[in-house]
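So the structure is just underneath, and the comments pick up after that.
Read the figures in this text as sums done on the coordinates, not as results from a lab. Keep in mind it's a predicted model, so treat the numbers as computed, not measured. Here the Cβ positions follow ideal geometry from the backbone for every residue, glycine too, while neighbour counts run over all protein chains shown.
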Amino acid sequence: MHFYIHIPFCESKCHYCAFTSLKKENYEKSYFKALSNDIDFHLKKFNIHRNQIKTLFIGGGTPSCIDANNYEYIFEILHPYLAKNAEISCEANPNSATLNWLKAMKNIGINRISFGAQSFHSEKLKFLGRIHNQEMIFKALENSHKVGFANINLDLIYDTKMDNKKMLEFELLNLEKIKPLITHLSAYNLTIESKTAFAKKENFKKNAPNLMKFFIQEITKLGFFQYEISNFSKNKNSICKHNLGYWKGKDYIGCGLSAVGFYKNQRFYTAKNLKSYIKDPTFRNIEKLSPQDLNLEHLFLGLRSIVGIQEKKLNLKQKEKANLLVKEKKLELKKGIYYNLNFLISDELALYF
Ligand SMILES: C[S@@+](CC[C@H](N)C(=O)[O-])C[C@H]1O[C@@H](n2cnc3c(N)ncnc32)[C@H](O)[C@@H]1O
Ligand code: SF4
């Protein structure tokens with residue numbers, strides 16, 4: 001079983017972001033109280049046993065804008081259910097992840113930290129609406145090492161209007177500098193999400209497939225291997241097990257405002273409004289997924305990553321298509337699983353099916 005917790009608070013709103021992120025105001029205490037009830041209730045509801053949770057991911061929003069002692073109570077509840085070698089990740093922003101916060105989170109049990117850097121370039125950071133600078137990224141990484149984090153991820157965003165070859169070379173140069181400090185990299189191609197500042201008429205996205213190819217190639221040359229279209233790991237041990245769980249279609253519990261869970265082919269949605277969530281944190285909207293929905297999801301997620309697609313999950317027509325793609329050297333079939341040989345064409349391949 002996997003577990004996701006959403007922290008919906010941020011200090012400011014980035015221009016591209018559609019995640020639930022609100023100003024804390026004075027909701028912190030009541031939110032964490034509701035969140036603990038939600039977690040406790042769902043551990044029981046899904047009959048979770050001791051040591052059964054293999055990965056826990058605290059995402060946001062900005063978990064680092066919350067005082068570390070708020071997480072202590074949640075960990076007291078979760079602790080017996082976490083597997084001995086569980087991967088426990090937490091997202092953080094470079095400006096708010098202080099040495100003391102990192103130290104406290106490490107002591108609570110976090111063993112993987114994920115920084116939203118987005119860029120090293122001051123103008124690009126401003127353009128994205130970020131409130132940190134390059135120096136803060138370096139400091140946060142340095143501090144993470146100081147407190148003993150061995151598993152560290154960095155998020156970058158590219159294919160923005162400001163990205164050209166020169167800009168990407170600048171990102172790569174800095175990536176090379178900090179390479180010894182990180183074990184994982186997520187490089188996201190900018191998505192223009194509705195209701196964000198970037199969703200205006202002006203085109204904030206570059207839409208340059210050649211630059212995408214260049215960036216990915218250069219990242220791999222730095223010694224990271226691509227295991228999903230946006231995810232790169234230094235070695236097999238630093239692959240994010242939590243995300244791998246999502247792509248494999250494993251069950252997971254999602255707690256917190258706007259969190260999503262998945263269990264036995266059903267998707268569970270919590271309240272989308274902060275006051276409603278605090279009032280009734282255990283409420284869930286349930287969506288039952290049809291066999292077609294599950295098949296499509298398996299195709300998209302499998303083709304985008306090293307997970308691949310299982311032969312037994314394909315119908316006759318799809319199997320014929322898959323075998324044709326093997327002949328064209330686009331897929332490889334090994335022990336009943338079709339593996340995509342080029343993640344850059346994954347969506348095209350999925351649509352072909
Ligand atoms: C859930 S967000 C929260 C992380 C954290 N609050 C931060 O901003 O540093 C995780 C990552 O998703 C990526 N992301 C969010 N919106 C995106 C978008 N519209 N296009 C591409 N990447 C996006 C960013 O790289 C971000 O760091
Ligand atoms: S990208 Fe991160 S910091 Fe920015 S608004 Fe979204 S969740 Fe908040």
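General remarks:
- Which of Gly249, Asn237, Leu181, positive extreme of dipole for segment 125-284 (C-beta unit charges): Gly249
- Placing +1 on the Cβ of every Lys and Arg and -1 on the Cβ of every Asp and Glu, with no other charges, gives segment 71-193 a dipole of roughly 280 debye about its Cα centre.
- Only beta bridges with both residues in the chain are counted; by DSSP, about 45 percent of them are antiparallel.
- For segment 298-353: rounded, prolate or oblate by the Cα gyration tensor [a/c cutoff 1.5]: rounded
- When the convex hull of its Cα atoms is projected in every direction, mean area for segment 197-330 (nm²): 12.3
- Charge dipole (Cα centre; +1 on Lys/Arg Cβ, -1 on Asp/Glu Cβ; no other charges) of segment 189-316 amounts to roughly 180 debye.
- Each label was represented as a point 7 Å from its Cα along the Cα-to-Cβ direction; for Gln134 and Lys146 these points are 2.1 nm apart.
- Size of electric dipole in segment 79-135: Cβ of Lys, Arg +1 and of Asp, Glu -1, about Cα centre, debye, nearest 20: 80
- Percentage of interatomic Cα-Cα distances in segment 1-149 larger than 20 Å: 50
- Debye intensity ratio in log₁₀ form over the Cα atoms of segment 77-227, taken at each q of 0.16 Å⁻¹: -0.92
- The fraction of Cα-Cα pairs per 20 angstrom bin, counted from 0 for the chain, comes to 28, 60, 12, 0 percent, rounded to whole percents.
- Take every pair of alpha-carbon atoms less than 8 Å apart whose residues are at least six positions apart; their mean separation over the length of the chain yields a relative contact order of 16 percent.
- Partnerless cysteines in the chain, where a partner means another cysteine C-beta under 4.7 angstrom, comprise Cys10, Cys65, Cys90, Cys240, Cys255.
- At full extension, Lys84 and Phe19 could sit 20.3 nm farther apart than now, given 0.36 nm per residue minus the alpha carbon distance.
- Modelled FRET efficiency - R0 30 Å, Leu296 with Leu99, Cβ distances, 0.05 increments: 0.10
- Taking label positions 7 Å along the Cα-Cβ direction at both Ile77 and Tyr339, the computed distance is 4.1 nm, reported to one decimal.
- Cα centroid of segment 294-353 to Cα centroid of segment 75-150, whole Å: 35
- Fully extended contour minus Cα-Cα distance, from Leu289 to Lys319, at 0.36 nm per residue: 8.6 nm
- Comparing Phe41, Pro281, Ile152 along the charge dipole axis of the chain, the residue lying farthest to the positive side is Phe41, per the Cβ-charge model.
- Extension gain, Ser122-Thr220: 0.36 nm per intervening residue step, less the Cα-Cα distance, totals 32.8 nm.
- Ellipticity estimate at 222 nm from DSSP helix runs (n ≥ 4, -39,500 (n - 2.57)) divided over the chain, nearest 500: -11000 deg cm²/dmol
- Expressed as a whole percent, the proportion of Cα-Cα pairs in segment 72-166 lying more than 24 Å apart is 31%.
- Cα-based equivalent ellipsoid of segment 115-201: semi-axis lengths in Å, sorted from largest, via gyration tensor: 24, 14, 12
- Computed from the C-beta positions of Asn273 and Ser12 and an R0 of 22 Å, the FRET efficiency is 0.60 to the nearest 0.05.
- Using the Cβ-Cβ distance between Ile192 and Arg50 with R0 = 35 Å, the FRET efficiency computed as 1/(1 + (r/R0)^6) comes to roughly 0.20.
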